[in-house]
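J.: So that we are looking at the same thing, I have put the structure below in structure tokens.
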Amino acid sequence: GQQVMQIPQYQHVQEGEDFTTYCNSSTTLSNIQWYKQRPGGHPVFLIQLVKSGEVKKQKRLTFQFGEAKKNSSLHITATQTTDVGTYFCAGRNYNQGGKLIFGQGTELSVKP
Amino acid sequence: SQTIHQWPATLVQPVGSPLSLECTVEGTSNPNLYWYRQAAGRGLQLLFYSVGIGQISSEVPQNLSASRPQDRQFILSSKKLLLSDSGFYLCAWTHDYEQYFGPGTRLTVT
């Protein structure tokens with residue numbers, strides 16, 4: 001079945017350093033979403049990417065969707081302590097039922 | 001605006017006991033509803049989803065079941081809990097393409 005792999009599992013950075021998490025799908029995706037889960041909280045939707053090669057920015061966060069629509073990345077510039085949490089990607093393939101398949105997440109910790 | 005409620009927030013249950021977790025959505029009608037489980041604070045595993053009253057699709061065979069007795073109510077149940085049922089249970093609904101998650105129920109089976 002469709003799988004979505006996410007790396008790394010954990011990332012520890014010093015405040016001010018950059019951070020990137022990568023997401024790879026075993027099949028071509030119709031779209032990909034990113035969610036953030038703060039410690040003890042629930043996942044919150046960040047963004048959806050639909051087009052091949054699409055790049056979207058939200059302040060210090062940059063999201064990319066690969067040309068083949070099988071991979072994606074989230075890059076945070078100059079991390080802050082408020083960025084702490086687990087970042088999940090979730091892929092959807094309408095040719096395979098259209099359900100969201102979540103990656104395992106990347107847990108980000110930021111040392112002040 | 002739409003709101004999603006889950007209760008209880010935390011639950012400690014012995015092995016072999018029954019389970020009933022409830023999820024309700026306000027401010028929308030005929031939502032697609034989902035139950036996820038998150039083990040050890042990591043990935044989200046889709047357990048069940050429902051596109052309407054009485055319509056339940058199961059993603060993972062296990063000792064859990066789900067029901068949707070009303071349009072905006074989704075219930076997760078078990079007749080006999082296992083230790084492996086421990087985890088963070090999240091209810092979600094879909095608006096357009098975004099999934100909105102409830103606050104979750106943290107279940108510990110002892």
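The values are calculated or read from the model by the stated rules, or taken from the named source; none is laboratory data. Just so it is clear, the structure is predicted and the values come from calculations on it, not from any experiment. Counting neighbours? That spans all protein chains shown, and the Cβs are built from the backbone with ideal geometry, glycine included. In case anyone asks, the SASA skips ligands and DNA or RNA and just uses the protein heavy atoms, side chains included. Shrake-Rupley method; radii C 1.70, N 1.55, O 1.52, S 1.80 Å.
J.: Evaluate the relative contact order of chain A (contact order divided by residue number), counting alpha-carbon pairs under 8 angstrom at least 6 apart; express in whole percent.
T.: Relative contact order comes out at 37 percent.
J.: Now a separate question. Among the listed pairs A:Lys36/A:Lys59; A:Lys69/A:Lys99; A:Lys56/A:Lys111, which are separated by more than 19 Å between their Cα atoms?
T.: In this structure, A:Lys56/A:Lys111 lie more than 19 Å apart at Cα.
J.: Specify the inter-centroid distance of region A:96-112 and region B:20-90, based on alpha-carbon positions, in whole Å.
T.: 20
J.: Okay, which of region A:81-108 sit inside 16 Å, backbone N to the point 7 Å along the Cα-Cβ direction of A:His12?
T.: Answer for this model: A:84-85, A:107-108.
J.: Using the Cβ atoms and a cut-off under 15 Å, what net charge is assigned to the surroundings of A:Val50, where Lys and Arg are +1 and Asp and Glu are -1?
T.: Summing Lys/Arg as +1 and Asp/Glu as -1 gives +1.
J.: Follow-up question, since we're still on this one. Which three lengths, in whole Å and largest first, does region A:30-112 cover when its Cα atoms are put on their principal axes?
T.: Sorted largest first, the three principal extents are 44, 25, 15 Å.
J.: Can you give me the % of accessible surface on region B:3-109 that is carbon or sulfur? Probe 1.4 Å, all protein chains present, nothing else counted.
T.: Looking at region B:3-109 in its full context, I get 54 percent from C and S.
J.: Can you work out the accessible area per residue across chain A, with the rest of the protein chains kept in place, probe 1.4 Å, in square angstrom?
T.: Result: 49 Å² per residue.
J.: Which value, in Å², gives the accessible area per residue of chain B when a 1.4 Å probe is used on the protein heavy atoms?
T.: In whole numbers, chain B has 47 Å² accessible per residue.
J.: Here's a follow-up. Starting from region A:1-85, pick out the trypsin sites (Lys or Arg not before Pro) whose DSSP state is loop and whose Cβ has at most 14 other Cβ atoms within 10 Å.
T.: Answer in residue order: A:Lys51, A:Lys59, A:Arg60.
J.: Could you work out which residue, out of A:Gly66, A:Gly91, A:Gly41, moves most in a Gaussian network model of chain A, that is, has the largest mean-square fluctuation with Cα springs under 10 Å?
T.: A:Gly41
J.: For chain B, set up a Gaussian network in which alpha carbons nearer than 10 Å are linked by springs, and say which option among B:Ala66, B:Ala39, B:Ala92 fluctuates the most.
T.: Per the Cα network of chain B with a 10 Å cutoff, B:Ala39 tops the list.
J.: Okay, next question. Roughly speaking, to the nearest percent, how much of chain A's 1.4 Å accessible area is carbon and sulfur?
T.: Summing carbon and sulfur atoms, their accessible area is 50 percent of the total for chain A.
J.: What is the distance, in nm, between label points placed 7 Å from the Cα along the Cα-to-Cβ direction at A:Ser109 and at A:Tyr94?
T.: Simple spin-label model gives 4.2 nm for this pair.
J.: What is the Rg over Rh value, at two decimals, for the protein assembly as shown, using alpha-carbon atoms and the Kirkwood definition of Rh?
T.: That ratio is 0.98, to two decimals.
J.: Continuing with this model, one more query. Any idea of the total accessible area buried by the B-A contact, 1.4 Å probe, rounded to 100 Å²?
T.: 1500
J.: Between B:Glu98 and B:Ala40, what is the spin-label point distance in nm, taking each point 7 Å from the Cα along the Cα→C-beta axis?
T.: It works out to 3.2 nm between the two label points.
J.: Turning to a different aspect of this structure: Would you mind counting up the charge near A:Thr106? Only other residues with Cβ under 11 Å from its Cβ, with Lys and Arg at +1 and Asp and Glu at -1.
T.: Within the 11 Å Cβ shell, the charges total +1.
J.: If you take the C-alpha gyration tensor of region B:3-109, multiply each eigenvalue by 5 and take the square root, what semi-axes do you get, largest first, in whole Å?
T.: Each semi-axis is √(5λ); the values are 22, 14, 13 Å.
J.: Relative contact order (percent) for chain B, with alpha-carbon contacts under 8 angstrom and 6 or more residues of separation?
T.: Relative contact order here is 36 percent.
J.: If the label point is 7 Å along Cα→Cβ of B:Val51, which residues in region B:1-42 have backbone nitrogen under 12 Å from it?
T.: Label zone hits: B:32-33.
J.: Can you list the residues of region B:91-110 that have at least 50 square angstrom less accessible area with all protein chains present than in their chain by itself, probe 1.4 Å?
T.: B:Tyr97, B:Gln99, B:Phe101
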